[in-house]
Amino acid sequence: MQTVKLNNGVEIPVLGYGVFQVSPEECERCVLDAIGTGYRLIDTAQAYYNEEGVGNAVAKCGVSRDELFLTTKVWITNSGEEKAARSIDESLRKLRTDYIDLLLIHQPFADYPGTWQAMEKAVKAGKVLAIGLSNFYPDRFVDMAEYAEIKPAVNQLKTNVFSQQWDAEAEMNPYGTRIMAWGPLAQGDPDLTIHPVMVGLAEKYGKTAQQVALRYLVQRGIIAVPKSTHIERMKQNLDVFDFSLTPEDMESIRPLDKPADFRWSHRNPELVKFLLNYDKQFNPNNKG
Ligand SMILES: NC(=O)c1ccc[n+]([C@@H]2O[C@H](COP(=O)([O-])OP(=O)(O)OC[C@H]3O[C@@H](n4cnc5c(N)ncnc54)[C@H](OP(=O)(O)O)[C@@H]3O)[C@@H](O)[C@H]2O)c1
C-alpha cells in the first residue's frame with residue numbers, strides 16, 4: 001500500500017477504510033472484510049459508536065498491530081482536557097490496543113483547545129503517534145495550528161471531486177498539515193457517476209467513476225477513507241493503483257468543484273446545534 005509521510009515522520013496509507021454509519025453489529029465483519037481485502041488504515045470515531053467492532057476485528061484479523069493504522073476522533077461531549085484524556089483511554093480499551101496511530105478532534109466546537117492539550121499529552125505518553133483535526137475550516141484551522149505545540153498532522157475535511165478544498169489546502173501547507181478526505185465518493189451522490197467528465201475518464205481508463213474519484217485524491221497526496229459495507233465495493237475502491245490520470249485529466253476535474261452547501265456548513269448555526277446534540281440522539285447507550 002502506498003503511504004504518505006505526515007509532518008512528524010509517521011507514515012500513513014494513502015487509502016483507508018471508513019466506518020461512519022456502519023452499525024455496531026456489522027462493524028466487526030466489515031472491518032475484517034476490509035483488512036482481508038488489503039486495507040490497513042481504519043478510520044473510526046467515538047461518535048460512530050462502533051470502536052468495539054473495530055477493536056474486535058483488529059484482535060481477530062491475524063494482521064499484526066504494527067501493520068495496521070488506526071484512526072479515531074474525540075467527540076464534542078468529551079471535549080476539555082480531563083474528559084478528553086479519559087475518553088482517549090476509553091477508545092484505547094474499545095479498540096483493544098495500547099496506542100492509536102492518529103487521533104483527531106472531530107468537530108471545532110466546545111472546549112477543543114482543552115482537548116488538544118490532552119492529545120498532546122497522550123502523544124508524549126506514547127498512547128498516540130500523531131494528532132490532527134477534522135472539520136476545521138481555514139479560520140478555525142489557523143487558530144488551532146498557531147495555538148498548538150504539536151502542529152496538526154492532518155485536517156479531515158469533506159473532500160471529493162465536487163468539494164476540492166483548494167483554499168483549505170493552501171492554509172494548511174505552511175504547517176505541513178495534510179488533507180484527509182471524508183466523503184471521498186461524495187457520500188454516494190449519483191452525480192458522481194453521471195457527470196460527463198467522470199463518465200469520460202472512467203471510459204478512458206476502463207475504471208468506474210468511483211475509482212477515478214479516488215485516484216484523483218491519491219494523486220493529490222490526499223489520504224482518503226471510502227466507506228462501503230459491501231466487499232466487492234471495498235475491493236473496487238482499493239483497486240486504483242494500476243492507472244494514472246494525466247495532468248490534463250486532473251485539470252479537467254477542476255471545474256467540478258462546487259460552492260459549499262450552507263445547510264451542511266460548519267458555519268450554519270442549525271448544523272452546529274445538531275452536532276452539539278448528536279450524542280443525545282444517536283448514542284445507543286443514551287436510551288430514553
Ligand atoms: N470527520 C468527519 O466529520 C467525517 C464525516 C463523514 C465521514 N467521515 C469518514 O469518512 C468515511 C467516508 O465517508 P462517507 O462514509 O461519509 O462517504 P463516502 O465514502 O464518500 O461514500 C460512502 C457511500 O458510497 C457508497 N459506495 C462506496 N463504495 C462504492 C462503490 N464502489 N460504488 C458505489 N457506491 C459506493 C456506500 O454505500 P455501501 O456502503 O452500501 O457500499 C455509501 O453509501 C467515513 O466512513 C468516516 O470514516 C468523517
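The values are calculated or read from the model by the stated rules, or taken from the named source; none is laboratory data. Nothing here was measured: the structure is a model prediction, and the numbers come from that model. When we count neighbours, we look across all protein chains shown, and the Cβ atoms used for this are built from the backbone with ideal geometry, even at glycine.
Restricting the search to segment 207-263, which residues are touching a helix residue (DSSP H, G or I) at 6+ places or on another chain (Cβ under 7 Å), touching a residue at least 60 places away in the same chain (Cβ under 8 Å) and away from the ligand (no atom under 11 Å from the Cβ)?
Ile253, Leu256 - these are the residues of segment 207-263 that are touching a helix residue (DSSP H, G or I) at 6+ places or on another chain (Cβ under 7 Å), touching a residue at least 60 places away in the same chain (Cβ under 8 Å) and away from the ligand (no atom under 11 Å from the Cβ).
With Ile12, Ile100 as the choices, which residue is in contact with a Phe, Trp or Tyr (Cβ under 9 Å, 6 or more places away or on another chain), within 15 Å of the ligand (Cβ to nearest atom) and not small (Gly, Ala, Ser)?
Ile12
Quick one: count up the residues across segment 141-193 that are crowded, with 22+ Cβ neighbours inside 10 Å and basic (Lys, Arg).
1
Is it the case, given these coordinates, that Val123 is buried (at least 23 other Cβ atoms within 10 Å of the Cβ) and either modelled with pLDDT of 95 or more or under 25 Å from Leu68 (Cβ atoms) (or both)?
no
Here are the criteria: (1) among the aromatic types (Phe, Trp, Tyr); (2) within 19 Å of Ala47 (Cα to Cα); (3) without any contact (Cβ under 8 Å) to a residue 40 or more places away in the chain. Tell me which single one Phe282 does not satisfy.
Unmet condition: (3).
Exposed (fewer than 11 other Cβ atoms within 10 Å of the Cβ), within 30 Å of Glu25 (Cβ to Cβ) and away from the ligand (no atom under 13 Å from the Cβ), is that true of Asn277?
no
Residue under question is Gly188, and the condition is that it be on the phi > 0 side of the Ramachandran plot, in contact with a strand residue (DSSP E or B) (Cβ under 7 Å, 6 or more places away or on another chain) and near the ligand (Cβ under 7 Å from one of its atoms); does it hold?
no
Pick out, from segment 1-99, the strands (runs of 3 or more DSSP E) lying fully within it that include 3 or more residues that are free of Cβ contacts under 8 Å to residues at least 24 places away in the same chain, among the polar types (S, T, N, Q) and buried (at least 18 other Cβ atoms within 10 Å of the Cβ). Give the derivation first.
On the way: elements: 3-5, 11-13, 41-43, 69-74.
Per the criteria, no element qualifies.
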